[in-house]
Amino acid sequence: MTNQVAEGPGVLLSFEGIDGSGKSTQARLLADRLEAAGHETLLVREPGGTALSEHVRALLLDTSDPSLQIDPVAEVLLFSAARAQLVAERIRPALSEGQVVIADRFFDSTTVYQAAGRALSVEWVRALNVQATRGLAPVRTYFIDVSLQEAQARRGAQAGDRMETSGTAFFERVRQAYLALTQEEERICRVDGAQPVDAIHETIWADVQPFLPAVSSQPAP
Ligand code: ADP
Ligand code: TYD
């Protein structure tokens, strides 16, 4: 089994990129413009978006407990657990109502951060991604690509979370894996993240049009 685009009235879009690339900025801009254009829109971030997933997020990203260790296999299972709950509790119901769901990260993050970044089996991680989502895939994915130096500069001086303290070699593997995945998957659209915010947004806005559901002419009750 592979991940498939959901059949139904809604559509799932995702944003990907290394930490600090600017993808949350773009996910928010797209969600706001879609809402203004009359689409019911749900913006979710990963890991997170449900009570369980936010608890798991805290475990995964927190650096306040120096005794907390997370083995790479435990890590991939925790990210997958957070995603399974988010898909079941929020994404699938929204899609069945015809909403446009925008995921600020989805399973491609697991493929690049855990398989490439942590050196786990890519076949196993992909199979796990299918199970965690019960086969759901985004119809279009925007990979906001910036250099490690640019991403680091955008993140600024604040202390990083647990993933962000994984080191330069880790993030180089992650970026290279995103570039390789973009070659493999037509679904993934690489966008030059070095451009100004508005220019990136306009590129995405033009690209996304054919993927959008029709806007209902019925006014909301
Ligand atoms: P991410 O979600 O990928 O970690 P954010 O969207 O939170 O990244 O952006 C990280 C920082 O970079 C923020 O301060 C944001 O304002 C800034 N930023 C986002 N996009 C751009 C851009 N195209 N050019 C310059 N700065 C940007
Ligand atoms: P977050 O603060 O949301 O980062 P960003 O603003 O860059 O999106 O932190 C999420 C972190 O978790 C980020 O370093 C990427 C990582 N991550 C994985 O390693 N695997 C995954 O499956 C997901 C969803 C995120």
Alpha-carbon gyration tensor eigenvalues x 5, square-rooted, for region 66-110, Å: 27, 10, 8
Centre separation in Å (Cα based) which lies between region 7-40 and region 92-110: 9 Å
Histogram of C-alpha separations across the chain, 10 Å bin width, %: 8, 34, 38, 17, 3, 0
Cα convex hull of region 116-166, projected area averaged across orientations, nm²: 5.1 nm²
Region 1-94: relative contact order in percent, alpha carbon pairs under 8 Å with at least 6 residues between: 24 percent
Volume per residue that the Cα convex hull of region 139-221 spans, once the total is divided by residue count, Å³: 165 Å³
Local electrostatic count at G49 - Lys and Arg +1, Asp and Glu -1, tallied over other residues with Cβ under 13 Å: +2
Alpha-carbon spread of region 1-82, three principal axes, descending order, Å: 49, 33, 24
Per residue accessible area of the chain, 1.4 Å probe, in Å²: 48 Å²
Region 138-202 - percent of accessible surface contributed by carbon and sulfur, probe 1.4 Å: 49 percent
Where labels lie 7 Å past Cα in the beta-carbon direction, separation of E150 and L179 in nm: 1.3 nm
Contour excess over end-to-end distance, with Cα ends at W124 and D207 and 0.36 nm allotted per residue: 26.7 nm
Relative contact order for region 113-197, counting Cα pairs under 8 Å that sit 6 or more residues apart, in percent: 45 percent
P(r), alpha carbons of region 42-160 - 5 Å bins starting at zero, rounded %: 2, 10, 18, 21, 21, 16, 8, 3, 0
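The values are calculated or read from the model by the stated rules, or taken from the named source; none is laboratory data. The model shown is predicted, which means the values in this text are computed figures rather than measured ones. Quick reminder, even Gly has a Cβ in these numbers, built from the backbone with ideal geometry, and neighbours come from all protein chains shown. Just so you know, the surface numbers come from the protein's heavy atoms only, side chains and all, with ligands and any DNA or RNA stripped out. Shrake-Rupley method; radii C 1.70, N 1.55, O 1.52, S 1.80 Å.
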